[in-house]
Every structure is written in structure tokens, then in C-alpha cells.
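Data block below; observations after.
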Amino acid sequence: MKTNHHHIRLTQLAVIVLVLLAGTIAHAANSPLILTPGTGDLFYGTDPSVTLGNLFKVGANSITITSLGLFDAGAPGLNQSHSVGLWTTSGALLARVDFSPGLNGFENNGFIYQNLASQVVLQPGTSYVLGAYYPTGSTDGLYVNDTIQYETWASSVTFNGSGRYTPIGAGFTFPNLTVGGLSYVGPNALYVVPEPCTLLLLGLGAAMLRKTK
């Protein structure tokens, strides 16, 4: 009886720990990859039907992308339809959201976002491409920054100083072309990083569950 009671107590404690873990993850702050849009030219009316974005590299710890977004100049809401994508450097599409005109998402510090149905974990030391599609004559602006006017990126990632773009008329597709010394601040993303206490709770809960078996 004591053994069974001990197992029940351990199971209860393990469940409590895992509930705390779930709460920690649920309340983890979603941070933007791009913190400020920079001070370059706010550009309207892009080349016909192009995808523009940036190449960035994840730092020492993995990050989890929870939302993709787009810079929203002026009054809240977009004027045209846009798509935002996240790719590997080889062109594999990892995530995508589609915006229609209006406010079909949530605003956060000058960007409009949509949550991903399936969050994406980005690996440490690995580079990725974030890009947004702009239709012909788009009146939804984006910043084009040079090396003096660069935007501010989160400390969890590094911008390598190269913007990415597609040929004119390519539509929404992997931006495979590179321009050095420029960045295109249209697409953005929100992410979370597991905190040390989260990892500790995870390990503690797993250890308790093993002891109940």
C-alpha cells in the first residue's frame, strides 16, 4: 500500500510540474525577430510581383517561430493581399501565412501577424530566409535599409547584411537572389526561446514520471 501511495504521490507531483511547465511555455513572451524597422527609405510601389526579405542566422540556442508577420505602415490594416514565408537556405518552405486586405491578424509594434497552425523550431547555428510577397503596385510600404540605417534584430539571431529578392514577376516564391548591404524590412516573425527554468521543470517532470513506472 505504501508503495502504491508513493507512486500516486510521485505521479501527482509529476503532473503538477508538467502543468507548471505548460504554463511557463504558454506565458513565454513572444519576441519579434526584427525589433525596430530601421531608418531607411519607406518604399511603396515595389517592382511587379516580387518576394523580398532577408537572410538571418540562429544563435547558440534553438528558437520556436510562433507567428509570421508583415510591416504595416500607416493605419492598421493592409491595402493588398500578401504572403509571408519562412524557408531554409536551400529553398524548402517551412511556414507560410496569407494576408488579405484589411486587418486579418493582430498588430504588434507596427507589424501585423498571424499565428502558425504548426510552430517551427529553428536550429542553432543555422541560417534561414524570411520573405514577403508584394503584388504589382503595392501601396503597403516596407523599409529598404543600407548599412547605416539597418533595423535592429533580436539577440537570438544575426542578420548577415544581405537582403534577398526574386526576379520581377516571380510572385510568391523563395527569394533566391542576394543583394549585399541592403535589407528589406517587410516580413517579420515572432518567436520564443525555452528559458532555463522551463528546461529544469521539463527534466524534473520527466524524472518523476520515470520513477512512477
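What follows draws every value from the coordinates through simple rules; no lab data is involved. None of the values given here were measured: they were computed from a predicted structure. Here Cβ is always computed from backbone atoms with ideal geometry, including for glycine, and neighbour counts include all displayed protein chains.
Some notes on this structure:
- Förster radius 22 Å - calculated FRET efficiency between residue 92 and residue 179 (Cβ-Cβ, nearest 0.05): 0.50
- Per-residue packing, averaged as other Cβ atoms within 10 Å, sorts the ranges 49-57, 93-101, 78-86 into the order 49-57, 78-86, 93-101, beginning with the highest.
- Counted residue by residue at 0.36 nm each, then reduced by the alpha carbon distance between them, the extension gain from residue 193 to residue 115 reaches 26.4 nm.
- Amide H within-cut-off set for residue 116, under 5 Å, with H built and near neighbours excluded: 67, 68
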